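Worksheet: the structure to be examined is printed underneath.
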Amino acid sequence: MSSLKKEQIVEVLETIATLLELQEENPFKIRAYTNAARSIETWGGNLRELAAENRLEEIP
């Protein structure tokens, strides 16, 4: 089974933020997706490992 790379996940989160912005959604919701993208982009850990252990909330 194929898995998404960190860059792809960041791109998806940024796309969601952009689409929400175009729909004039709540700015806090938009910022949440943008912040999630930045956190994943700059975090140096192993996403696959954290996801397998249901510990994604630990990403700063």
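The table below gives the values:
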read-out	value
Residue count, the range 40-54 (criterion: over 15 Å from E7 (Cβ atoms) and in a helix (DSSP H, G or I))	4
Options A37, A32, A17; residue that is assigned to a helix (DSSP H, G or I), in contact with an Asp or Glu (Cβ under 8 Å, 6 or more places away or on another chain) and surrounded by 14 or more Cβ atoms within 10 Å (Cβ to Cβ)	A37
Matching option when the condition is more than 11 Å from the chain's Cα centre (by Cα) and at positive phi, among N54, N46	N54
Any pair with Cβ under 6 angstrom, 6 or more apart, that starts in the range 5-27 at a residue that is in contact (Cβ under 8 Å) with a residue 24 or more places away in the chain and ends at one that is acidic (D, E)	V10/E41
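No value in this document is a laboratory result; all are computed from the given coordinates. Here the structure is a predicted model, which means the values were calculated and not measured. Quick reminder, even Gly has a Cβ in these numbers, built from the backbone with ideal geometry, and neighbours come from all protein chains shown.
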